[in-house]
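The values are calculated or read from the model by the stated rules, or taken from the named source; none is laboratory data. Note that the structure is a prediction, hence the values are computed from the model and not measured. Glycine also receives a Cβ, built like all others from the backbone with ideal geometry; neighbour counts cover every protein chain displayed.
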Amino acid sequence: MPRHLISLEGMPRSTIESIFSRAALHVSGEVRNRPLIGQVVANLFFEPSTRTRSSFETAAAGLGAHVLNWTVAGSSASKGETLLDTVKNIASLGPIALVIRHSSSGAAALAASAVSCAVVNAGDGQHEHPSQGLLDAFTLWRRWGSFEGKRIAIIGDVLHSRVARSNLFALKTLGARVVFCGPPTLVPRWFEGLGAEVTWNVDEATLDADAVMMLRLQRERMAEAAFPTEAEYHRRWGLTVERATRLKKEAVVLHPGPVNRGLEIDPEVADGPRSLILEQVSNGVAVRQAILEHVS
Amino acid sequence: MSAIVLRAGRVIDPASQLDETLDVVVRDGRVAALEKPGAIEAGARVIDVRGLWVLPGLVDLRCVLHEQQDLDRALAGGFTTLLADPSSSLKEGRGPKLYRASALFRGSELAEVPLKAPPALSSGFGPATSAGLLRRAMQYARSLSVPVMVHAEDVSLTGRGLLGEGLTAVRLGIPAVPASAEVAAVATTLSLFADVGGRLHLSHLTCQGSLTHLREAKRAGLHVTADVTPHHLLHSDELADGYSIAARVWPPLRQKADVESLRHAVEEGLIDAIATDHLRPPAAEREPPFDLCAPGRDALATALADVLRAGISPTRAVAALSSGPASVFGLNAGRIVVGASGDLTVFDAKAGQVRYTFVAGQLLHGEGKAA
């Protein structure tokens, strides 16, 4: 039975911590060997992605693996080949792991049920994005060492965010408190059932937060009238310079990227001293290396 | 046709409040006698049904029929009378007595109604494009004295939703449908009906809130009836755990509290009928992932067992699957009385399976059926 990484819901704390420990060695450059040399890691991206795909690609290459990149453009997915057909075909090429992104929630688990190699979920619909959740938590773990007593505010379109769900599960497991905030159209109370606190008051969410994670706003939500205008969104829910000055002294700011500057976060904050955004990106490679090792 | 004696079964005919161990004699396609066990009928084929339930042939008010296989599923589930949904493509078939509901709408227009009035005009599994259209449809149907079956849904509230709103949908990241998508449409439909009159039947209700409106309308004396499906009685949204496509049905599965209230409403008779919503999409479309899977459920064959598994009492379960639906549209079916058509279902309650199905006295499902 291969090990997969499908979701962070239910992942034991010890597993998360062992991935972190390994990722820390990658960050500090202490891993000298290339454990996946001669192996193939297949990237299957049914949804466009540059950042996550590049991060996995860099991670796999760093471990010595050959990377097979498969994207929708120029593939047979557009010809109606089903998800499972494609997954089985690529799996037949003998990769050690499939890194898969798909617009359907549950797609990664479905793929895992059909192949004999490891499956790493690189984002399934609105469900989870576990490598992002792990790298976000890892970034905070590096800074804090422990999550005890820490409160993390995740702000924005939580409803449609796989990043928010994965972060919630990882951070809760590690002992932090998580508060979700955003317009009620995008942050339903149901999330309380998953262990999050829910507030529609952004000051309440941010004032005693030790970390504030701003989610990327999908502009098509405007068309769904989830909020009135982008300007209003920025004023009410955005991490403005003014709001950032009122955060706790040591509070840090995260964003999974790519940033809509001046919309969910002001450029001065995204680029400011509190920001861990670039650290997230570089940690992303180390965490994904640890993930690929974990499943292989 | 030789006579048949169903020997010593538990005969349940909810419409006459009959529930006792009797022989049922069927002759010339009709129920000829109900007698104390031991009936002697010269030349009759005697089938020992001791320990089994002998029920009126079941009646379904909404099923999508495309192939003979769908009719076979119906017989396997003990159904002897079907009201096919307008989307059915099946022309001819062997098995249950077939009625057809005619479409209520064609796009955003009224649909043509056959000259020979159908038992009902139905909006099937989709709503009217506007309240104005629905009102005109009700007015028109009233002039023809044909009942209307309404699927109540406000699509502006459904959005891209696939599963009833709740923790399961949020956890799985499946777009959710708020209960108000149905409840608001039920309220609208009932107020149009109060205004226009005629005969209204509400299809596949799923939410507590809808039942509140239905109760109020009935109390006010409106001639409205309603059905629920076996699966909405049996399953909540939690069936979708693990992205099980069994939960991909339309209307969507709801919260446990809704399921409880539906069960209660069937038991107390607020709900008049259980309709199966039987629909088997082509296999290639009925595949995961969840959001790309066509909705539907192969429901006919297991309907009675499902309803009993949902905890509905035997008498109410049988009533809501026979005399209940028959009386909704005045179909001549759903009774075991002398002189009635020999449409009978013999059910093994222990196994949860239909053992024999007779249509007009002919054994069409079960051991020894006609080839």
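See the values below:
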read-out: Residue check, B:Thr276 β-branched (Val, Ile, Thr) and either in contact with a Ser or Thr (Cβ under 8 Å, 6 or more places away or on another chain) or more than 23 Å from B:Asp72 (Cβ to Cβ) (or both); value: yes
read-out: Subset of segment B:4-41 [acidic (Asp, Glu) and touching a residue at least 40 places away in the same chain (Cβ under 8 Å)]; value: B:Asp13, B:Asp19, B:Asp28
read-out: Among the candidates A:Phe147, A:Phe138, residue that is free of Cβ contacts under 8 Å to residues at least 60 places away in the same chain and farther than 30 Å from B:Leu163 by Cα; value: A:Phe147
read-out: Those helices (runs of 4 or more DSSP H) lying entirely in segment A:133-226 with at least 3 residues crowded, with 17+ Cβ neighbours inside 10 Å, of a type outside the set (Val, Ile, Thr) and more than 11 Å from chain B (Cβ to nearest Cβ); value: A:162-173
read-out: Some residue of segment A:276-291 being β-branched (Val, Ile, Thr) and part of a loop (DSSP other than H, G, I, E, B); value: no
read-out: Residue within segment A:94-108 that is surrounded by fewer than 24 Cβ atoms within 10 Å (Cβ to Cβ) and among the hydrophobic types (A, V, I, L, M, F, W, C) present; value: yes
read-out: Pair list, Cβ < 9 Å and 6+ apart or interchain, from segment A:239-251 residues that are in contact (Cβ under 8 Å) with a residue 60 or more places away in the chain and within 16 Å of A:Glu264 (Cα to Cα) to residues that are assigned to a helix (DSSP H, G or I) and among the hydrophobic types (A, V, I, L, M, F, W, C); value: A:Leu239/A:Val202; A:Leu239/A:Val269; A:Leu239/A:Ala270
read-out: Single residue of segment B:78-87 satisfying the filter (of a type in the set (S, T, N, Q) and crowded, with 22+ Cβ neighbours inside 10 Å) that is farthest from B:Cys63 (Cα to Cα); value: B:Thr80
read-out: Filter pass, A:Gly257 being surrounded by 14 or more Cβ atoms within 10 Å (Cβ to Cβ), outside any helix (DSSP H, G or I) and not β-branched (Val, Ile, Thr); value: yes
read-out: Matching option when the condition is assigned to a loop (DSSP other than H, G, I, E, B) and at pLDDT below 95, among B:Ala351, B:Ala370; value: B:Ala370
read-out: The one condition in (1) facing another protein chain (nearest Cβ under 10 Å); (2) under 17 Å from B:Arg136 (Cα atoms) that B:Ser191 fails to fulfil; value: (1)
read-out: A:Thr82, sole failed condition from (1) closer than 26 Å to A:Leu263 by Cα; (2) free of Cβ contacts under 8 Å to residues at least 24 places away in the same chain; value: (1)
read-out: Restricting segment A:11-42 to residues that are in contact with a His (Cβ under 8 Å, 6 or more places away or on another chain) and among the aliphatic types (A, V, I, L, M), the residue that is surrounded by the fewest Cβ atoms within 10 Å (Cβ to Cβ); value: A:Val40
read-out: Only one of B:Arg297, B:Arg280, B:Arg248 that is at pLDDT 95 or above, within 14 Å of another protein chain (Cβ to nearest Cβ) and surrounded by 19 or more Cβ atoms within 10 Å (Cβ to Cβ); value: B:Arg248
read-out: Within segment A:115-131, tally of residues that are within 12 Å of A:Ala164 (Cα to Cα) and either within 12 Å of chain B (Cβ to nearest Cβ) or among the acidic types (Asp, Glu) (or both); value: 5
read-out: Any hit, segment B:157-174, residues being away from chain A (no Cβ under 14 Å) and at pLDDT 95 or above; value: no
read-out: Search result, residues across segment A:227-247 that are surrounded by fewer than 15 Cβ atoms within 10 Å (Cβ to Cβ) and assigned to a loop (DSSP other than H, G, I, E, B); value: A:Pro228, A:Thr229, A:Arg246
read-out: Residue match in segment A:276-285 (condition: surrounded by fewer than 21 Cβ atoms within 10 Å (Cβ to Cβ), touching a helix residue (DSSP H, G or I) at 6+ places or on another chain (Cβ under 7 Å) and more than 30 Å from A:Gly29 (Cβ to Cβ)); value: no
read-out: Segment B:176-186 - residue that is of a type outside the set (S, T, N, Q) and surrounded by fewer than 20 Cβ atoms within 10 Å (Cβ to Cβ) and, of those, nearest to B:Asp227 (Cα to Cα); value: B:Ala184
read-out: Condition check for B:Val148: under 30 Å from A:Arg189 (Cα atoms) and either away from chain A (no Cβ under 14 Å) or out of contact with any Leu (no Cβ under 7 Å at 6 or more places or on another chain) (or both); value: no
read-out: Among (1) out of contact with any Leu (no Cβ under 7 Å at 6 or more places or on another chain); (2) part of a loop (DSSP other than H, G, I, E, B) - the single one A:Leu263 does not satisfy; value: (1)
read-out: Filtered residues of segment B:275-324 (kept if in a loop (DSSP other than H, G, I, E, B) and free of Cβ contacts under 8 Å to residues at least 24 places away in the same chain); value: B:Pro281, B:Pro282
read-out: Residue tally, condition more than 25 Å from B:Pro325 (Cα to Cα), among the basic types (Lys, Arg) and within 28 Å of the chain's Cα centre (by Cα), over segment B:3-60; value: 1
read-out: Residue match in segment B:228-241 (condition: buried (at least 24 other Cβ atoms within 10 Å of the Cβ) and touching an Asp or Glu at 6+ places or on another chain (Cβ under 6 Å)); value: yes
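Conditions (1) over 19 Å from B:Lys369 (Cβ atoms); (2) part of a strand (DSSP E or B), marked per residue:
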residue	(1), (2)
B:Val11	yes, yes
B:Leu34	yes, yes
B:Glu41	yes, no
B:Leu55	no, yes
B:Asp60	yes, yes
B:Arg73	no, no
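Yes/no matrix, rows are residues, columns are (1) surrounded by fewer than 24 Cβ atoms within 10 Å (Cβ to Cβ); (2) free of Cβ contacts under 8 Å to residues at least 40 places away in the same chain; (3) at positive phi:
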{"site": "B:Arg50", "(1), (2), (3)": "yes, no, no"}
{"site": "B:Asp60", "(1), (2), (3)": "no, no, no"}
{"site": "B:Ala76", "(1), (2), (3)": "yes, no, no"}
{"site": "B:Pro96", "(1), (2), (3)": "no, no, no"}
{"site": "B:Arg106", "(1), (2), (3)": "yes, yes, no"}
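For (1) over 25 Å from the mean Cα position of the chain (by Cα); (2) in contact (Cβ under 8 Å) with a residue 40 or more places away in the chain; (3) farther than 18 Å from B:Asp272 by Cβ, each residue gets a yes or a no:
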| site | (1), (2), (3) |
| --- | --- |
| B:Ser122 | no, yes, no |
| B:Thr129 | no, no, yes |
| B:Gln139 | yes, yes, yes |
| B:Pro147 | no, yes, no |
| B:Asp154 | no, no, yes |
